[in-house]
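Report on one structure; see the data block that follows.
The values are calculated or read from the model by the stated rules, or taken from the named source; none is laboratory data. Because the structure is a prediction, the values reported are computed rather than measured. When we count neighbours, we look across all protein chains shown, and the Cβ atoms used for this are built from the backbone with ideal geometry, even at glycine.
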Amino acid sequence: MSGFLQALPVILEYEGGYSNHPSDPGGATNFGITQATYDSWLGFHKDVREITTAEVEAIYHQNYWIAAKCDALPWPASLAHFDAAVNHGVTQAARVLQKAVSVAVDGQIGPITLAAIDHMDVKQLVNGMLWKRLDLYYRIVQGRPASNVFLLGWVRRLLKLKERVGV
């Protein structure tokens, strides 16, 4: 089973179904796919509540797994990075990963970042990524206090991921 097929059910468990919380700047989402992402992927507007399972899988594979280069990371770091890409966006996930491996932070995963990953213990890498994400969540709330309503859920997400990957 590919890493993507292993990781997708985990992401879908965290993302849930339809939501349109007034404090969420992403607006309406379904299975973690925002209306804007869905419209962009389709090339036209269609209510995100109508998204199909096949579309969800294709969007997550193309826009997050492949775009974030998750397949270049060892399991379970690939799962942790995929989750970060879904939750923070591909560029911010790359920054989190780069901070965890102590390389220059440019938001682009290239040969220097990948070489640093190759020289790290995978559990140490995942643990570092999770700590960097925790810091990011707190910075998000500091900059946008309305997001505080999501903080406990975000922390729970990290704790579940930590338990799942065994770090």
task = Tell me which residues, restricted to the stretch 43-55, are without any contact (Cβ under 8 Å) to a residue 12 or more places away in the chain and in a helix (DSSP H, G or I).
result = Glu50, Thr53, Ala54
ask   = Does the stretch 110-132 contain any residue that is within 20 Å of Phe4 (Cα to Cα) and of a type in the set (Ser, Thr, Tyr)?
value = no
query = Can you find a residue in the stretch 42-52 that is closer than 30 Å to Gly110 by Cβ and crowded, with 18+ Cβ neighbours inside 10 Å?
reply = no
inquiry  = Can you tell me which residue is surrounded by the most Cβ atoms within 10 Å (Cβ to Cβ) among those in the stretch 62-107 that are among the β-branched types (Val, Ile, Thr) and not in a helix (DSSP H, G or I)?
reply    = Val101
task = Only residues in the stretch 131-143 that are over 16 Å from Lys160 (Cα atoms) and touching a residue at least 40 places away in the same chain (Cβ under 8 Å) count as the first member; pair them with residues that are among the hydrophobic types (A, V, I, L, M, F, W, C) and surrounded by 18 or more Cβ atoms within 10 Å (Cβ to Cβ), Cβ under 8 angstrom, at least 6 apart or cross-chain, and list the lot.
result = Leu136/Val96
ask   = If you go through the stretch 95-110 one residue at a time, how many are of a type outside the set (Lys, Arg), without any contact (Cβ under 8 Å) to a residue 24 or more places away in the chain and within 16 Å of Val126 (Cα to Cα)?
value = 3
task = Considering only the stretch 16-37, state which residues are on the phi < 0 side of the Ramachandran plot and of a type outside the set (Ser, Thr, Tyr).
result = Gly17, Asn20, His21, Pro22, Asp24, Pro25, Gly26, Ala28, Asn30, Ile33, Gln35, Ala36
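For every residue, the table says whether it meets (1) in contact with a Cys (Cβ under 6 Å, 6 or more places away or on another chain); (2) within 17 Å of Ala85 (Cβ to Cβ); (3) surrounded by 12 or more Cβ atoms within 10 Å (Cβ to Cβ); (4) at pLDDT below 95.
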residue: Ala115; (1), (2), (3), (4): no, no, no, no
residue: Lys132; (1), (2), (3), (4): no, yes, yes, no
residue: Phe150; (1), (2), (3), (4): no, no, yes, yes
residue: Trp154; (1), (2), (3), (4): no, yes, yes, yes
message = If the requirement is being in contact with a helix residue (DSSP H, G or I) (Cβ under 7 Å, 6 or more places away or on another chain), in a loop (DSSP other than H, G, I, E, B) and free of Cβ contacts under 8 Å to residues at least 24 places away in the same chain, which of these qualifies: Gly17, Gly27?
response = Gly27
